[in-house]
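The values are calculated or read from the model by the stated rules, or taken from the named source; none is laboratory data. From a predicted model like this one, the values you see are computed outputs, not experimental measurements. Cβ coordinates were reconstructed from backbone atoms using ideal geometry, including for glycine residues, and neighbour counts include every protein chain displayed.
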Amino acid sequence: MAALAFQVPYSTCFWAQPCFRARPKGRNGTCNKEEVPEARRAKRSSMLRNTLVVIPWILYKSRMRSRVGCRGKPFEVHDFGDKGMGVVAARDIQKGELLLREQPLFLVSQCRDSRQLDAWENEINAALRKLPEHDLQSFWNLADCHTDEKSVVGIVRTNGLPVETAEGDMVGVYPTVSRFNHSCNNNVNNSYQEEYGEVLHAIRDVAKGEELCITYIDLFMTRQERQDALRRTFNFKCACPTCLQTGQALLRSNKVRQRLQDLRSALPSAVPQRLGPRVLEKIAEHIDEELGGNAAAKAYAYHMGSQLLRDIGQSEGDLELQQQATTFAEKALAEVVVAEGPESWVSVMLRESVPKAAQTRGHSAKA
């Protein structure tokens with residue numbers, strides 16, 4: 001199988017909004033999408049600078065280096081028969097461990113209109129003509145779940161990952177990342193980082209021989225909703241352990257995921273009622289219960305909550321809400337470090353904002 005189809009922009013995943021996928025303008029010539037105004041970027045950066053405090057990321061980084069060490073390659077590509085190719089852990093892997101950094105074979109524009117498929121095919125073929133023979137073979141070795149006979153459009157639709165560049169929304173195709181299959185309870189998170197391409201981290205401890213999977217969709221959905229989304233976009237029926245549950249286990253899983261969906265929707269209205277922290281902690285509790293503590297899911301929830309708390313706190317002059325915003329921003333940063341690594345642009349930006357945040361709190365205390 002493959003990584004992520006071109007039709008689904010990362011913003012459809014609840015933990016991968018543009019604030020986590022797109023790097024702000026002004027850092028080494030990175031993207032500046034027209035649909036995200038500069039004012040919004042400035043507000044977001046200002047909010048982060050004013051809310052976060054130092055976490056022991058240096059200790060974390062040292063610990064992760066000692067974990068990775070010279071223990072050998074953490075995974076290997078495996079043939080699962082009818083399921084196709086996939087990736088399994090070649091040794092025990094620890095939570096937060098860096099698994100892979102990979103640049104795309106090529107980038108092409110996104111295509112969201114079937115009437116433009118012919119032009120899109122021409123663009124893909126032009127990109128393929130520039131590849132060396134080895135990379136071209138890697139491309140044709142990838143799966144195509146859309147057509148009986150492999151086609152360049154089918155392969156890109158099956159394996160393409162969205163990438164935001166200064167030129168606009170693009171799709172990248174990767175020889176190894178595309179081998180990571182989907183799971184509705186993934187143990188690997190993928191994030192795009194300009195310097196390295198697609199970057200994969202383990203988001204929980206993984207035993208040797210266990211399959212390593214990312215997720216293609218929003219996980220805050222019931223099994224039927226997930227199956228419908230995967231069939232509609234990727235043309236396959238998920239058979240991960242979560243989807244194979246029956247009886248009371250399935251009922252419990254559906255109930256928790258529906259509850260997560262409801263809590264996420266309720267968060268914006270809960271904050272003005274001073275219920276934001278309670279809702280966020282309940283979301284985290286359900287993520288621990290149903291998604292194995294998924295760090296990427298927690299990061300987005302905490303970040304979303306901290307933004308809402310700070311906005312309301314500032315508009316109403318409520319210092320308690322502003323302090324709560326800082327608390328959940330710290331939690332978001334800790335989870336981002338696990339899901340994306342201490343060197344991701346998000347982690348770097350948050351760490352660089354720490355001194356100014358400390359100054360802001362110092363001035364507030366004197367006042």
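Data for the structure
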item: Of all residues making up the range 167-182, the number that are of a type in the set (Gly, Ala, Ser) and surrounded by fewer than 21 Cβ atoms within 10 Å (Cβ to Cβ); result: 1
item: Residue within the range 186-204 that is surrounded by fewer than 16 Cβ atoms within 10 Å (Cβ to Cβ), touching a Lys or Arg at 6+ places or on another chain (Cβ under 7 Å) and touching a residue at least 24 places away in the same chain (Cβ under 8 Å) present; result: no
item: Check on Ala297, under 19 Å from Asp218 (Cβ atoms), buried (at least 24 other Cβ atoms within 10 Å of the Cβ) and out of contact with any Lys or Arg (no Cβ under 9 Å at 6 or more places or on another chain); result: yes
item: Some residue of the range 254-272 being within 27 Å of Ala89 (Cβ to Cβ) and among the polar types (S, T, N, Q); result: no
item: Set Lys282, Lys298: member being touching an Asp or Glu at 6+ places or on another chain (Cβ under 6 Å) and modelled with pLDDT of 95 or more; result: Lys298
item: Filter pass, Ser62 being within 22 Å of the chain's Cα centre (by Cα), under 24 Å from Tyr196 (Cα atoms) and at pLDDT below 95; result: no
item: Residue within the range 219-227 that is within 21 Å of Val338 (Cβ to Cβ), touching a residue at least 24 places away in the same chain (Cβ under 8 Å) and either part of a helix (DSSP H, G or I) or under 20 Å from the mean Cα position of the chain (by Cα) (or both) present; result: yes
item: Check on Ile214, within 24 Å of Glu76 (Cα to Cα), within 19 Å of the chain's Cα centre (by Cα) and buried (at least 21 other Cβ atoms within 10 Å of the Cβ); result: yes
item: Among residues of the range 80-135, those that are out of contact with any helix residue (DSSP H, G or I) (no Cβ under 7 Å at 6 or more places or on another chain), surrounded by 13 or more Cβ atoms within 10 Å (Cβ to Cβ), charged (D, E, K, R) and over 30 Å from Val338 (Cα atoms), counted; result: 2
item: Selected residue (only one of Leu131, Leu107, Leu142 is of a type in the set (A, V, I, L, M) and farther than 19 Å from Arg179 by Cα); result: Leu131
item: Filter pass, Val77 being surrounded by 17 or more Cβ atoms within 10 Å (Cβ to Cβ), within 24 Å of the chain's Cα centre (by Cα) and modelled with pLDDT of 90 or more; result: no
item: Glu290 vs. criteria at pLDDT 95 or above, assigned to a helix (DSSP H, G or I) and within 27 Å of Val338 (Cα to Cα); result: yes
item: Test: residue in the range 110-132 that is at pLDDT 50 or above, at positive phi and not acidic (Asp, Glu); result: no
